[in-house]
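Trainee: Questions regarding the structure given below will be posed in turn.
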Ligand SMILES: Nc1ncnc2c1ncn2[C@@H]1O[C@H](COP(=O)(O)OP(=O)(O)O)[C@@H](O)[C@H]1O
Ligand SMILES: [Mg+2]
């Protein structure tokens, strides 16, 4: 069996027959407020506790806000901020990525070259830098797992479908080439069960996990589903889940489904 990176999220590793096969590039898609960022923090936390370092790159919220929200939602992960401070969980936000890239000695030259003239950088140039340099930056870290929160925020920043698709496919190819396992968050425009769909840029990914809701019998139920996962057998069943102080818990999980 291929080595696994655990999600650590209640029930999900069972759905995955042990976890995400190492080296897989996975999409975590869901509606706003579905708990995608919290899912990732639980995964970061559980991996760090198991001695597997991980990094989160956020194009959405600030580092401080992210850690605060996760600790608020999961009071039982009381040492989460200590793991972040100790560098077992690396958290980069837009500000820290920019700073790290511009301060990194090996990257300075490339950074200056792309941002020609008065270094008046467009966001496209920024993402070009990210594409070129972030894997190098992460290559210096001990992280085995990379979380990207989130690709939809990147698309909104780039505002150009072609550049966005290039960014997504290049990023995933490079991370895979470096042997990272990654989890990239995508916002579903319409999180209802019957409307879940994916753009062509995601077809090359190794796995897709969705968090959506269904309106059965007039009741809204939050569901999680492993739609696809290369390299392992997995459950295809949509299972209800809850966000609890002790973590996200799925219900009625079984590999036989
Ligand atoms: N302190 C908390 N207690 C319970 N549930 C919380 C708490 N904080 C957040 N949540 C739940 O988590 C959701 C937000 O999770 P988040 O991972 O930020 O969503 P997403 O990244 O999918 O937009 C909220 O909509 C709420 O349901
Ligand atoms: Mg989020």
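Trainee: Kindly indicate whether residue 78 is within 13 Å of ligand 2 (Cβ to nearest atom), over 16 Å from residue 146 (Cβ atoms) and touching a helix residue (DSSP H, G or I) at 6+ places or on another chain (Cβ under 8 Å).
Mentor: No.
Let's see how each residue does on (1) within 16 Å of ligand 2 (Cβ to nearest atom); (2) in contact (Cβ under 8 Å) with a residue 60 or more places away in the chain:
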{"position": "158", "(1), (2)": "no, no"}
{"position": "200", "(1), (2)": "no, no"}
{"position": "215", "(1), (2)": "no, no"}
{"position": "222", "(1), (2)": "yes, yes"}
{"position": "231", "(1), (2)": "no, yes"}
{"position": "250", "(1), (2)": "no, yes"}
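Trainee: When you scan region 131-143, do you find a residue that is more than 16 Å from ligand 1 (Cβ to nearest atom), modelled with pLDDT of 75 or more, crowded, with 20+ Cβ neighbours inside 10 Å and in a loop (DSSP other than H, G, I, E, B), even just one?
Mentor: Yes, region 131-143 has at least one match.
Trainee: Then there's this: Name every residue in region 153-196 that is within 16 Å of ligand 1 (Cβ to nearest atom), assigned to a helix (DSSP H, G or I) and either modelled with pLDDT of 90 or more or surrounded by 19 or more Cβ atoms within 10 Å (Cβ to Cβ) (or both), in order of residue number.
Mentor: Listed by number, the residues that qualify are 154, 155.
Trainee: Right, next: What number of residues within region 222-245 satisfy the criterion of being assigned to a strand (DSSP E or B) and within 16 Å of residue 188 (Cβ to Cβ)? Let's see the steps before the verdict.
Mentor: Our first condition is that a residue be assigned to a strand (DSSP E or B); within region 222-245, this holds for 222-229, 239-244.
Filter once more, so that each one left must be within 16 Å of residue 188 (Cβ to Cβ): 222-228, 241.
Total meeting the criteria: 8.
Trainee: Applying the selection to region 38-61, what residues are at pLDDT 95 or above, under 30 Å from residue 195 (Cα atoms) and surrounded by fewer than 24 Cβ atoms within 10 Å (Cβ to Cβ)?
Mentor: 38
Trainee: Take the residues in region 13-52 that are within 10 Å of ligand 2 (Cβ to nearest atom) and part of a loop (DSSP other than H, G, I, E, B), then tell me which one is nearest to the chain's Cα centre (by Cα).
Mentor: Selected residue: 35.
Trainee: Just wondering, is there one or more residues in region 62-81 that are outside any helix (DSSP H, G or I), closer than 22 Å to residue 153 by Cβ and modelled with pLDDT under 90?
Mentor: Within region 62-81, not a single residue is outside any helix (DSSP H, G or I), closer than 22 Å to residue 153 by Cβ and modelled with pLDDT under 90.
Trainee: Name the residues in region 11-38 that are out of contact with any strand residue (DSSP E or B) (no Cβ under 7 Å at 6 or more places or on another chain) and within 16 Å of ligand 1 (Cβ to nearest atom), would you?
Mentor: 33
Trainee: Enumerate the pairs (first residue in region 13-36 and closer than 21 Å to residue 197 by Cα and modelled with pLDDT of 95 or more; second residue anywhere and within 10 Å of ligand 2 (Cβ to nearest atom) and part of a loop (DSSP other than H, G, I, E, B)) with beta-carbon separation below 9 Å, excluding pairs fewer than 6 apart on the same chain, so at least 6 apart or on different chains.
Mentor: Sorted first by the residue in region 13-36, then by its partner, the pairs are 28/150; 36/150.
The values are calculated or read from the model by the stated rules, or taken from the named source; none is laboratory data. Only a predicted model underlies this, so the values are computations on that prediction, with no experimental measurement involved. All Cβ positions, glycine included, derive from the backbone under ideal geometry; neighbour counts span all protein chains shown.
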